[in-house]
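Peer 1: Handing you a structure now.
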Amino acid sequence: WFAGGDVQPIRRSGIIEKCTFCYQRVSNGLQPACVEVCPARARTFGDQDDPSSEIYQVLKANKSFRLKEDKGTRPNVHYIGKYSARA
């Protein structure tokens, strides 16, 4: 999904890094890099508890799901659309 911008990997190959939603960008009033560079505009970021935010409106208007929510992980990423687990 990487299409440029100022995001560069900071870990060597084979090392997993958890997404921080580009904390350094968001704290400076910018969108996360993945949201900014997504050519399909398929990502929305914001305060899901703020009724005036775009993400609040999107989640209100669409049925969403979160991965492994049943495990108590409390994920902040919502998915909209059809999903079928692979065996």
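The values are calculated or read from the model by the stated rules, or taken from the named source; none is laboratory data. Computed from a predicted model, the values in this text were never measured in an experiment. We place every Cβ from the backbone using ideal geometry, glycine too, and count neighbours over all the protein chains shown.
Peer 1: Quick one: residue 17 ticks every box in (1) at pLDDT 90 or above; (2) assigned to a loop (DSSP other than H, G, I, E, B) except a single one, so which number is it?
Peer 2: (1)
Peer 1: Go through the stretch 50-87 residue by residue and tally those that are touching a helix residue (DSSP H, G or I) at 6+ places or on another chain (Cβ under 7 Å) and at pLDDT 95 or above.
Peer 2: 1
Peer 1: To continue, here is another question. Identify all residues within the stretch 56-71 that are within 15 Å of residue 82 (Cα to Cα), among the polar types (S, T, N, Q) and surrounded by 13 or more Cβ atoms within 10 Å (Cβ to Cβ); write none if there are none.
Peer 2: Once the filter is applied, which keeps residues that are within 15 Å of residue 82 (Cα to Cα), among the polar types (S, T, N, Q) and surrounded by 13 or more Cβ atoms within 10 Å (Cβ to Cβ), the stretch 56-71 yields only 64.
Peer 1: In the stretch 31-87, how many residues are in a loop (DSSP other than H, G, I, E, B) and over 22 Å from residue 20 (Cα atoms)?
Peer 2: So the count comes out to 11.
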